[in-house]
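The values are calculated or read from the model by the stated rules, or taken from the named source; none is laboratory data. Every value quoted in this text rests on a predicted model; they were computed, and no experiment measured them. Every residue, glycine among them, receives a Cβ derived from its backbone with ideal geometry; neighbour counts consider all protein chains shown.
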């Protein structure tokens with residue numbers, strides 16, 4: 001009998017493969033995306049010091065998002081992370097899609113962040 005590997009375990013394997021070469025520095029940190037059924041999360045991480053510099057999610061109270069698991073919420077989170085990055089004087093980042101396909105919510109978040117001033 002053929003056993004099918006779960007989608008999440010395949011995503012984790014893709015993410016590990018990507019992370020072998022992708023690294024955020026203090027000059028150019030990493031914009032990491034995680035999406036769940038309930039929401040979408042974004043962090044800007046400095047891998048050298050292993051610290052999160054800026055974060056935003058669809059669960060943040062100040063964003064006032066009713067449904068955090070759709071493309072519209074991803075656009076709002078992308079704009080929010082870009083604004084917070086501007087305040088922290090971060091302009092360039094390396095995009096880490098977290099093993100997800102560059103499609104749908106992940107793409108919407110990335111494009112909204114680009115439109116609001118982040119370069120990647």
Item checked: Long-range neighbours under 9 Å by Cβ, at least six apart or interchain, first residue at positive phi and surrounded by fewer than 20 Cβ atoms within 10 Å (Cβ to Cβ) within segment 103-114, second assigned to a helix (DSSP H, G or I) and modelled with pLDDT of 95 or more -> 104/71; 104/74
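Can you confirm whether segment 3-19 contains a residue that is within 19 Å of residue 119 (Cβ to Cβ) and either in contact (Cβ under 8 Å) with a residue 60 or more places away in the chain or in contact with a helix residue (DSSP H, G or I) (Cβ under 6 Å, 6 or more places away or on another chain) (or both)? Don't jump to the end; show me each part of the working.
As a first pass, look at segment 3-19 and keep what is within 19 Å of residue 119 (Cβ to Cβ): none.
There is no residue in segment 3-19 that is within 19 Å of residue 119 (Cβ to Cβ) and either in contact (Cβ under 8 Å) with a residue 60 or more places away in the chain or in contact with a helix residue (DSSP H, G or I) (Cβ under 6 Å, 6 or more places away or on another chain) (or both).
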Check: Of the numbered conditions (1) in a helix (DSSP H, G or I); (2) under 13 Å from residue 33 (Cα atoms), residue 102 satisfies every one except a single condition; which is it?
Finding: (1)
Next item on the list: For residues that are out of contact with any strand residue (DSSP E or B) (no Cβ under 9 Å at 6 or more places or on another chain), loosely packed, with under 15 Cβ neighbours inside 10 Å and touching a residue at least 12 places away in the same chain (Cβ under 8 Å), tally how many sit in segment 83-102.
Entry: 1
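Here is a check on your reading of the model: is residue 19 closer than 28 Å to residue 72 by Cβ and surrounded by 12 or more Cβ atoms within 10 Å (Cβ to Cβ)? Let's see the steps before the verdict.
Values: closer than 28 Å to residue 72 by Cβ: no; surrounded by 12 or more Cβ atoms within 10 Å (Cβ to Cβ): yes.
Here the answer is no, as residue 19 does not meet what is asked.
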Margin query: I'd like to know if segment 63-82 contains one or more residues that are outside any loop (DSSP other than H, G, I, E, B), touching a strand residue (DSSP E or B) at 6+ places or on another chain (Cβ under 9 Å) and touching a residue at least 40 places away in the same chain (Cβ under 8 Å).
Written below: yes
